[in-house]
Amino acid sequence: MGSDEGLDLFLDGRLKLIQSTDGYRFSIDAVLLSEFATIRPGDVVFDLGAGCGVIPLILLLTKPVGRVFGLEVQEGLVTRAARNACLNGFEKRMDVVRGDICHLPFSTGCADVVVCNPPYRKIKSGRINPHPEKAIARHEILASLDDLLRAAAALLKKKGRFALVYPAVRLAEILVRLRRFNLEPKRLRIHYPNLEANAKLALIEASLGGRPGLEILPPLLGQGNFSIGTPP
C-alpha cells in the first residue's frame with residue numbers, strides 16, 4: 001500500500017478495503033444502499049461512481065450477484081477499486097472501468113440493476129472541498145443529477161431496477177426527476193439518525209418503464225444492521 005493508504009476491515013472481517021487516509025473514504029450511505037438494493041440471482045449490476053469499490057464488494061459478499069461492473073472517472077480510485085476486488089477474491093466477477101457518466105463506455109440495455117451513491121450537492125451549494133477526490137464525490141462537478149439518471153436509464157434493461165441514496169431534503173426533487181427519465185419510483189425507505197432527529201437520507205428504488213405504485217418501507221434508524229469497519 002501507498003503511504004497515503006490504510007487497510008480497513010468490515011463485515012466482521014469478511015471485507016478488506018484499501019482506502020485513502022486523507023482523500024475519499026466511503027460512508028454509511030454506501031453501506032445502507034448495498035443492503036437496500038433488490039438483487040436477484042445472477043443479476044448483472046452496474047455501480048455508477050464506484051469509488052473504492054465498496055458497494056460492488058458488499059453486494060458480491062451478501063447477495064446473489066452474477067457480475068458487477070463499476071464505472072469511476074478518477075484514475076486513482078479505479079486502481080484502488082481493482083486492488084480491492086483482488087484483495088477480496090472477486091477479480092473474476094468484478095470489473096472497474098475508468099469512464100465518464102456522460103459518455104458511457106458500456107452498451108445500452110445491459111444491466112439488470114444500476115446502483116449509485118451520487119454527489120449530494122449542486123455545484124454552487126456549500127464549500128467545495130479542496131481535496132479533488134472528496135470534492136468530486138460530494139458536489140456535482142463532473143456530472144449533474146440529470147446526467148446520472150440519463151445514464152442509469154440507458155444502461156437498464158426494460159423493468160430493470162435503479163437504486164440510489166439521496167438527501168431526504170431533496171426527496172421531492174429526485175422523485176420528480178426520476179419520472180422524467182422513465183424511471184418509476186417503486187420502493188422508498190427513509191433513514192433517521194435517531195428517533196429525535198429529522199430524516200437524513202432517502203433510499204429509493206425505481207423501475208425502468210414500471211407501473212405507478214410506491215411501497216414506503218419502515219423507517220431505518222442509525223446505521224441499520226451495519227457499522228463502519230475498523231483497522232486490522
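If amide H atoms are built 1.01 Å from N in the plane of the peptide, which residues on other chains or at least 5 residues away come under 5 Å of the amide H of K186?
Distant-sequence amide H within range of K186: E205, A206, S207.
Under 8 Å for C-alpha pairs, at least 6 residues apart: give me the relative contact order for the chain, rounded to a whole percent.
19
Largest first, what is the accessible-area ranking of I190, I174 with a 1.4 Å probe? Intermediate values should be presented prior to the final figure.
Working: I190 30, I174 0 Å².
The ordering from most to least exposed comes out as I190, I174.
For region 213-218, what does the Karplus curve 6.51 cos²θ - 1.76 cosθ + 1.60, with θ = phi - 60°, yield as ³J(HN,Hα) per residue in whole Hz, taken in order and with x for Gly and Pro?
x, 10, 8, 9, 7, x
State the percentage of accessible surface on the chain attributable to carbon and sulfur atoms; use a 1.4 Å probe and exclude ligands, DNA and RNA.
Answer for the chain: carbon and sulfur cover 53 percent of the accessible area.
Helix-only estimate, please: 222 nm mean residue ellipticity of the chain, summing -39500 (n - 2.57) across DSSP H runs of length 4 or more and dividing by its residues, to the nearest 500. Mind showing how you got there, number by number?
On the way: 6 runs with 59 residues, N = 232.
When only DSSP H runs of four or more count, the value is -7500 deg cm²/dmol.
Among [x] 29, 24, 15; [y] 25, 20, 19; [z] 31, 23, 16, only one was calculated for this model; which label is it, if the read-out is semi-axes √(5λ) of the Cα gyration tensor in Å?
Given [x] 29, 24, 15; [y] 25, 20, 19; [z] 31, 23, 16, the calculated one carries the label [y].
With every protein chain left in place and a probe of 1.4 Å, what is the accessible surface of M94, to the nearest 10 Å²?
Looks like 10 Å² after rounding.
Per residue, how large is the accessible surface of region 15-75? Use a 1.4 angstrom probe and give square angstrom.
Ligands and nucleic acids excluded, the result is 28 Å² per residue.
The values are calculated or read from the model by the stated rules, or taken from the named source; none is laboratory data. Bear in mind that the values here come from a model prediction, so they are computed numbers and not experimental data. Heavy atoms of the whole protein, side chains included, go into the accessibility calculation; ligands, DNA and RNA do not. Shrake-Rupley method; radii C 1.70, N 1.55, O 1.52, S 1.80 Å.
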